[in-house]
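The values are calculated or read from the model by the stated rules, or taken from the named source; none is laboratory data. Quantities reported herein were computed from a predicted structural model and do not represent experimental measurements. Glycine gets a Cβ as well: all are built from the backbone with ideal geometry, and neighbour counts include every protein chain shown.
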Amino acid sequence: MKNAAVLVLLGSLMTTPVSMARADQPGPDWMPMEQVKSKLLQSGYTQVTKLEADDGHWEGEGIKNGQKMEFHADPKTGVVISEKHDD
């Protein structure tokens, strides 16, 4: 009985870091990354330096009006839903 409990504990410890290290992935109905970048450039960004899937939306960094910005974009439309100066 003790051996079984130890094996279960070891198994769960071994899989936990792997699941924590996985990055978010875009959903199947999300706008492709290249199209999102294009939308961002159309909305005033002159450069997109980072873009990744995170917590159900696109998240990234770029340059807008000469300022470094952080933004969140809608996953299906690519429209910026929030942005702030990146300090």
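So here's what we get for this one:
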read-out: Selection within region 40-77 - in contact with a Ser or Thr (Cβ under 8 Å, 6 or more places away or on another chain) and under 24 Å from residue 25 (Cβ atoms); value: 60, 61, 62, 71, 72
read-out: Condition met for residue 79 (modelled with pLDDT of 95 or more and in contact with a Leu (Cβ under 8 Å, 6 or more places away or on another chain)); value: no
read-out: Any hit, region 35-42, residues being surrounded by 11 or more Cβ atoms within 10 Å (Cβ to Cβ), under 25 Å from residue 87 (Cβ atoms) and in contact with a helix residue (DSSP H, G or I) (Cβ under 6 Å, 6 or more places away or on another chain); value: no
read-out: Residue tally, condition assigned to a helix (DSSP H, G or I) and modelled with pLDDT of 95 or more, over region 15-74; value: 10
